[in-house]
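Chemist: Sharing a structure here in structure tokens format.
The numbers here are math on the coordinates, done by the rules we state, and not lab data. This one's a predicted model, so the numbers in the text were calculated from it and none came from an experiment. Positions of Cβ are backbone-derived with ideal geometry, glycine not excepted, and every protein chain shown enters the neighbour counts.
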Amino acid sequence: MDKYYIYLGVILTVVILIPLYRVLRGPTLFDRMLGAAAIGTKTMVLIVVIGFIFNRLDMFIDITLAYAVLNFIGTIAVARYLGAIRKRGK
Amino acid sequence: MTPLNFVVANFIVSIGIFFLLVGSIGLIRLPDFYSRAHAVGKSDTLGIILVVLGLIIHEGLTLNSVKLGLIIVFVGLTSPTATHALTKAAYRFGLRAWVRKDGGGDNRSEHARGGAEDAGREKEA
């Protein structure tokens with residue numbers, strides 16, 4: 001029963017590591033930002049699972065909500081910033 | 001926790017992890033920014049909703065499960081919104097979409113890769 005959450009966390013970590021490839025060598029800036037947003041969204045689930053592992057779910061859920069807000073605000077801010085830039089010569 | 005509860009929760013969490021895995025693989029394998037945004041925006045949202053739903057069934061009816069439900073609502077609202085904002089920024093930036101060349105050949109055609117690269121260099125941005 002305890003092992004279940006640990007295995008779940010390991011599988012989630014492997015799933016989170018896959019988009020890191022797109023962050024490291026995406027051809028465009030938007031690809032990198034998309035990979036970063038995907039990593040942040042999946043990390044929320046990992047934090048909840050860590051809360052199950054440590055039996056402190058009440059504390060870790062609040063951390064997850066704060067992390068979700070930060071991830072959303074960060075992505076929206078970068079999107080607004082990049083949306084103001086036009087392609088050169090256009 | 002009854003065993004039936006555990007089995008149902010395990011099943012839902014497994015389906016959710018499958019969708020998360022599909023989204024990650026799509027982020028790597030698809031040829032274009034727009035198709036990658038398509039993969040991430042939909043399958044990741046569904047995967048996270050399913051995994052957290054399974055964890056709610058694990059937890060039972062407590063205050064924590066209500067907060068987990070709040071997480072589901074929040075992710076369902078914000079994850080597609082963030083993807084949409086990023087895609088719209090890319091469209092305004094002038095990123096060209098991937099087109100399949102006539103006459104087949106490999107999927108990662110020269111035209112698409114060149115177009116994406118010249119539109120989105122980090123130096124220009």
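Chemist: Compute the helix-to-body angle for A:2-17: its Cα long axis versus the longest principal axis of chain A, expressed 0 to 90° and rounded to tens.
Modeler: It works out to around 10 degrees.
Chemist: Could you order peptides B:29-36, B:4-11 by the average number of other Cβ atoms within 10 Å of their residues, highest first? Before the final figure, lay out each step's value.
Modeler: On the way: B:29-36: 19.0, B:4-11: 13.1.
Top of the packing list down: B:29-36, B:4-11.
Chemist: Decide, for the range A:2-83, between rounded, prolate and oblate: order the square roots of the alpha carbon gyration tensor eigenvalues as a ≥ b ≥ c, take rounded if a/c falls under 1.5, and otherwise choose prolate if a/b is larger than b/c, else oblate.
Modeler: Working: a/c = 5.93, a/b = 1.61, b/c = 3.69.
Oblate.
Chemist: Continuing with the same structure: Which whole-number percent is the relative contact order of chain A (Cα, under 8 Å, 6+ apart)?
Modeler: On the way: 60 pairs, mean separation 22.2, N = 90.
Normalised by residue count, the contact order of chain A is 25 percent.
Chemist: Give me a single rounded figure for B:86-96: the average over its residues of other chain Cβ atoms within 10 Å of their Cβ. If you can, show how the numbers build up before the last one.
Modeler: Details: counts 11, 3, 3, 12, 9, 2, 7, 10, 6, 5, 1.
Across B:86-96, the average partner-chain Cβ count within 10 Å equals 6.
Chemist: Taking amide H atoms as placed 1.01 Å from N in the peptide plane, list the residues 5 or more away in sequence, or in a different chain, whose amide H sits under 5 Å from that of A:Thr28.
Modeler: Under 5 Å from the amide H of A:Thr28: no residue qualifies.
Chemist: While we're here: When you look at the Cβ of every residue in B:18-27, what mean number of other chain Cβ atoms sits within 10 Å? Write out the running numbers ahead of the final one.
Modeler: Values: counts 1, 0, 9, 5, 1, 6, 13, 3, 2, 11.
Mean partner-chain Cβ count within 10 Å for B:18-27: 5.
Chemist: Using +1 on the beta carbon of Lys and Arg, -1 on that of Asp and Glu, and nothing else charged, what's the dipole of chain A about the Cα centre, debye to 20? Intermediate results must be reported in sequence, preceding the final value.
Modeler: Details: 11 positive and 4 negative charges, 166 e Å.
Here the size comes out at about 800 debye.
Chemist: Further question on the same structure: Could you please state, rounded to a whole Å, how far the C-alpha centre of the range A:1-67 is from the C-alpha centre of the range B:30-96?
Modeler: With the range A:1-67 and the range B:30-96 each reduced to a Cα centre, they are spaced 12 Å.
Chemist: Pick out, from A:Met33, A:Val45, A:Ile63, the residue whose Cα sits farthest towards the positive end of the charge dipole of the range A:2-83, with +1 on the Cβ of Lys and Arg and -1 on the Cβ of Asp and Glu.
Modeler: A:Met33
Chemist: Next up: Counting only other chains, and only Cβ atoms inside 10 Å, what mean value do you get across the residues of B:6-15?
Modeler: On the way: counts 2, 0, 0, 1, 2, 0, 0, 5, 2, 0.
What the average comes to for B:6-15 is 1.
Chemist: Another question, then. From the square roots a ≥ b ≥ c of the eigenvalues of the alpha-carbon gyration tensor of the range B:3-97, which class results: rounded (a/c under 1.5), prolate (a/b over b/c), or oblate?
Modeler: Details: a/c = 6.30, a/b = 1.99, b/c = 3.17.
Note, shape of the range B:3-97 comes out oblate.
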